[in-house]
Structure formats: C-alpha cells, structure tokens
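These notes concern the structure reproduced below.
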Amino acid sequence: MRNRPSRYWILIVIFFVLAFYVAILLRGLTESTRRSLQLTGQTDAADQVLISILITNASPTGQELTAQLGFRVVGSIAKDDVTPAVDLKLLVNNFRGQQEFDFPKGKRMNRIEVTFPLNGDLNRYPLDHYQTTMWLLMTTPTRNLQPQPSKAAENMPEITHHLDELAVSSTEMERNAPVALSASLSASIPGIRFRGNVSRGSTQELTAIDLDLTRANNVIAVSLIVNLMMAALSMSLLAMVLRATTEGGKTDLLPLSVSISLIFGLPALRNIQPAIPPVGAFVDYVTFTWAELIVAASAVIIVWTWLLRSRPESDTNS
C-alpha cells in the first residue's frame, strides 16, 4: 500500500511524456509547411517568359544556394510552350559558372542549374541568418521584338542598381530589348526556413527575387536542448567529483570512468545537432568547449585525489 502513491506519480509522468512525444510527432507532420516557400511574381505583358525556379540545395557552410530554372514562352515570341520564335538571352548572377545563357530561336529551352551566393554568418549557428538575391534579365535583339511595358509597372518601385548586379553594359541594353518575365519559386529544404519576395524594375525588364534563410524552428529547438544537456552533464559530473573528493575514506573511482566516457561522448552528443558547422562556432564557446574542460578537469581532480589518498594508506600499511 505504501508504494501505491509513487506508482500513480510514475504513471502520471509516463502519460505526460507520451503526450508530449505524440504532440511533437503531430507537429512534425506539418513542419515542412512552416519552413517552405511558394513565391510568384506575374506580369500582364502579352509576350513573356515564365521562369520556374526550384531550390535544390542550400548550403550555409559553403555559402551558396543552388536552383534549377525551367522556362515557358508565351505570346508572339513563342513557337510553342518551350521553343522561342526569337533569339533569347538570359542573364543571371550565377557565381559558379556562366552568367549568360543563349536560347536560339527554334530550339527547345532546356532547364539549367545555377548557383547563387549566400551572405550570412555561420558562426552564429543555430541563430544564423542568410540573404541572397536572384537577378534575372531576359533580352532579345531589338530587330525581333519591341519592348512591351506592363500596365502595372507604373505602381512598382524602380530598381536602380540592377545593372551593377548583373554587370550589363549600356551598349548591350541598346542592342537588345528586355523581355517581360514571370517567375514562380519553390523552396523546401529540411532544416532551412525560407522567406522572400519578388521586385521588378520600372519597365518590367528585370526580376529580382530576395530570399531570407534561417534555421527551422525544430533545428533551433534541438540545438538548444543538446547544449543544455551538455551543460547539465558536465556540471552533474563536477558535483559528483566534488562530493567524492570531499568525503573522507577511500576515493570512489566511479566519477573517473564517467568523466573518461564523457570526454568522448560529448563530441558525439554535439554532432547530433542538424547541419552543425565544425568546432569553433560561437555556440561551442558557450557550452561545448566549457563542458569538455569541466569533464577533463574532473578526471584530473579525481585521479590526483586518489593518488594523494592512496599513498598515505600504503605508507601506514608498511
């Protein structure tokens, strides 16, 4: 009968743990909708190119974002959906390859892959933040097409620095007419949260897609829990060592085995954090490095306590 209240408490604790676990699982089923991004930027020009952008990889460590671009042609510049009736040229701020892509008339516009730079500070993991801008400019020789400004262009802000971003010369713009672009973007990478918007120039010739990337909420939560556990383990071991060394009698070597295990166990615990950078990030100096030093110091304390206490005992027995 004495154990019945304690059994009730055990059942209550188990119930709440299971309920918390199920809640986390149910929330994880819709996690992708909170970190993903579906973005569209439409123009009402009669002749236009529709660009479909699929983000395939985002690497904060490599400071780059990879995307695949697909094309559809609409209006008098189209022979069919994927074949232009005029020569087209795409300019994009791809920093790992060519920035100009030619699409001759009468030939299919195949999907291309480009890489954009990510600007951010990896050292702030898991609270790091990154930004990038995709600059897209489609042109055609002026003898084949006259530019068709959009009616909605008057209400849109002008981008004054886009020529510098794409390094387009004024003579190049004189020989070629811009083609209106409509863009749709899809981004869904586990562990990365996307936010963004589409902006245009005053004549609808340029599409700039601004993206903001941060760690997903579940990544931040896991990182915080791991760091709290590393701090709790190291401090618990230190308390265990202090108790073993301050009490009289024979020194207990159990804390020594625990400390040696944690010296190799803490790096493994640290590395379960999703997409964590190599050792040296700011979060390591907050928790991991100190936890390792505390564990190593605890091992040294228990060893020297055993050495100092075992020597007088051996002298007394002799």
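A probe of 1.4 angstrom, applied to the heavy atoms of all protein chains, finds MET229 with accessible area near 100 square angstrom. Under Stokes-Einstein, with the Kirkwood radius over Cα pairs standing in for Rh, what whole-number D in µm²/s applies to segment 226-296 at 37 °C and 0.692 mPa s? D = 255 µm²/s.
Note on exposure: LYS105, LYS79, LYS89, LYS250 ranked by accessible area (1.4 Å probe, complete protein assembly) read LYS250, LYS79, LYS105, LYS89, with the most exposed listed first. Given their separation in residues at 0.36 nm each and the Cα-Cα distance between them, ASN57 and SER36 gain 6.3 nm when the chain is fully extended. The ellipsoid that matches the Cα gyration tensor of segment 32-112 has semi-axes, each √(5λ) in whole angstrom, of 27, 17, 10, with the longest given first. Remark: accessible surface ordering of TRP306, TRP9, TRP290, TRP135 (largest first) is TRP9, TRP290, TRP306, TRP135, probe radius 1.4 Å. Near the amide H of ASP87, within less than 5 Å, lie the amide hydrogens of LYS105, all on another chain or at least 5 residues away, with H placed in the peptide plane. Summarising the label geometry, the points placed 7 Å from Cα in the beta-carbon direction at MET229 and SER186 lie 3.5 nm from one another.
With θ taken as phi - 60° and the Karplus curve 6.51 cos²θ - 1.76 cosθ + 1.60 applied, the whole-hertz 3J(HN,Hα) list for segment 114-128 is 10, 10, 10, x, 10, 10, x, 10, 5, 4, 8, 3, x, 9, 6 Hz, x standing for glycine and proline. Across segment 36-46, computed HN-Hα scalar couplings (Karplus, 6.51 cos²θ - 1.76 cosθ + 1.60, θ = phi - 60°) run 8, 9, 10, 10, 9, x, 9, 10, 9, 5, 5 Hz from first to last residue, x flagging Gly and Pro. Between ASP210 and TYR285, the C-beta separation translates, for a Förster distance of 30 Å, into a calculated FRET efficiency of about 0.40. If the chain linking GLN131 and GLU64 were pulled fully straight, counting 0.36 nm for each residue of separation and taking away their Cα-Cα distance, it would gain 23.1 nm.
The phi torsions of segment 300-305, fed into the Karplus equation with coefficients 6.51, -1.76 and 1.60 and a -60° offset, translate into couplings of 5, 4, 5, 5, 5, 5 Hz, rounded to whole numbers, with Gly and Pro shown as x.
For ARG193, the residues 5 or more places off, or on other chains, whose built amide H falls under 5 Å of its own are THR214, ARG215, ALA216.
Between the amide H of HIS129 and those of ASP121, distances stay under 5 Å, these residues lying 5 or more places away or on another chain, with hydrogens modeled in the peptide plane. Give me the net charge for the shell around GLY97: Cβ to Cβ below 13 angstrom, other residues only, Lys and Arg +1, Asp and Glu -1. Here the count lands on -2. Between LEU242 and GLU100, the C-beta separation translates, for a Förster distance of 51 Å, into a calculated FRET efficiency of about 0.15. In this simple spin-label model, placing a label point 7 Å from the Cα along the Cα-to-Cβ direction at both ARG108 and ASP44 gives a separation of 3.5 nm.
On full extension, the segment bounded by SER310 and LEU25 gains 97.3 nm, given 0.36 nm per residue less the C-alpha separation.
The values are calculated or read from the model by the stated rules, or taken from the named source; none is laboratory data. All figures in this text were calculated on a predicted structure; none of them were measured in a lab. No Cβ is skipped: glycine too gets one built from the backbone with ideal geometry, and neighbour counts run over all protein chains shown. Quick note on the areas: whole protein, heavy atoms, side chains included, nothing else; ligands and nucleic acids left out. Shrake-Rupley method; radii C 1.70, N 1.55, O 1.52, S 1.80 Å.
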